């Protein structure tokens, strides 16, 4: 990926962040911190990597994506809207009665959503099932999933961690959003899931460590995952919770609380400034 | 009439109806007991062992189903409906995926393994999932046809099979209709509504009542959800007293489902026969006797229900 494309993607990702915050602000509930930390990888997947078509969201040969950390739906909705699956304006209705944009992703009701998630640990298993389906049907679509680092505390994650290498699901790539924070604080203090990379290696995965906010590095990790045969890949993404909104960065308090009007306006102003800065680089 | 454990019927039906390339069967290291190994022998390429990891298995089943497959996921009832309840609820029921849960070793007829393995809550748990169909077949042919019906039905289905060999209730020409109860014997004084292996006991009880001059109707409810409201309401109106019988906890199972219908449509006395506590080790016949899952107890409760008639 060239530097120019990385800048273009960074601009889109910051628009996605704005959409996510707008949804959470309007709903006065939701999960901004982890939404902001995964905006870059979601943008990369939907705008550069995945074989998907917003006009044909049910195409059986498409690549699949499962947001195992389903509470960060605002970022996924923002990405899907920006990609053209549904109108950006609809995000304003997030979490409200009458809106199809539920608090957590839901299958069959939201264009572009490949699986209902929200209960941690389940999405990654479902994604493994999709990857297995591709193998059984001898199809070459790929399956991607994002997990939280706190989510790794769910035992079911490790059931799938055994499953995917056992069935040699090399069409399966997971991203661990390693922002180091969960609701109750520092992941190593709440229930230490580290060392994450060594655990996945021991379970038989191809493990790559990457900067969650560096498009070229993430893109190269995905390319390396595609090239790796016989093993699934776990990309451990070093990320910043609340990325690109100064007062939300690295603060667990923003895991699941909505900004007030003043905070929202400041966040949008900061993201607009970031976008302007990036556009000036093009 | 033959004697077959419905788990055997399940394995045979998977082979019988499993020639469809779209069908995938999953198990959690119990394929020899759940009898999915019968399918595995014929279609090894479409059998996936998930190891002892039921939560993951249910979600893998969901993932496969999102791609259009019809997926059977099997383990003991305790570890399907019990351990993996939330996976079934959130990853199969909520997205309405085409996953068929083949749960074997349900009820106290598991016998010697004892309470930890005798699932007596599964009907209640599965019935509480809005999109779930719940089937509890009584014999071999019904179990096989339930598998066929599950394949034909689009959406999640829970099928409850037993470990113990049970006598045939239905003849070879039996037609299975999802959601429809089966009246096995007409009667006017009381109705015995039974499910699973208690249907056989219900028929025996009706004979015993007949000998005492009491006319008992017998209804087999194989589909506990959606339940056949019509046949139950008609029985309540025409006989005015009901006794239900199931190899399940008295709360939340067939008895609860029947009372929900009766109370809403045609109130009449309903006595519920089922277990009222955890199971324990023992031979199935000994356990049935100790827990009151017998024709004799059905007779006694039928009389109690009749005595309450206005």
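Every read-out reported here was derived from the displayed coordinates using simple, explicitly stated rules and does not represent laboratory data. If you're wondering where the values come from, they're calculated on a predicted model, not measured in any experiment.
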How tilted is helix A:73-83 with respect to the longest principal axis of chain A? Cα atoms for both, answer in degrees (0 to 90, nearest 10). 90 degrees
How long is region B:1-68 along each principal axis, judged by its Cα atoms, biggest number first, in Å? 41, 26, 17
Expressed to two decimals, region B:182-307 has a Cα Rg over Rh, using the Kirkwood radius, of 0.95
Gyration tensor on Cα atoms of region B:3-167, a ≥ b ≥ c root eigenvalues, a/c under 1.5 rounded, else prolate if a/b beats b/c, else oblate, says rounded
Checked chain B against the a/c 1.5 cut and the a/b vs b/c comparison, axes a ≥ b ≥ c from its Cα gyration tensor; verdict prolate
If you line up the long axis of helix B:54-66 against the longest principal axis of chain B, both from Cα atoms, how many degrees apart are they, to the nearest 10? 80 degrees
For q = 0.10, 0.14, 0.15 Å⁻¹, Debye-computed log10 I/I(0) when each Cα of chain A counts as one equal scatterer: -0.46, -0.95, -1.11
Antiparallel DSSP beta bridges within region B:165-301, percent to nearest 5: 20 percent
Can you give the angle from 0 to 90° between the axis of helix A:261-281 and the longest principal axis of chain A, with both taken from C-alpha atoms, to the nearest 10? 70 degrees
For chain B, what is the mean residue ellipticity at 222 nm derived from helices alone (per DSSP H run of n ≥ 4: -39500 (n - 2.57); sum divided by total residues; nearest 500 deg cm²/dmol)? -10500 deg cm²/dmol
Using only the Cα atoms of the protein assembly as shown, build the gyration tensor, take square roots of its eigenvalues as a ≥ b ≥ c, and label the shape rounded, prolate or oblate: rounded if a/c is under 1.5, else prolate if a/b is larger than b/c, else oblate. prolate
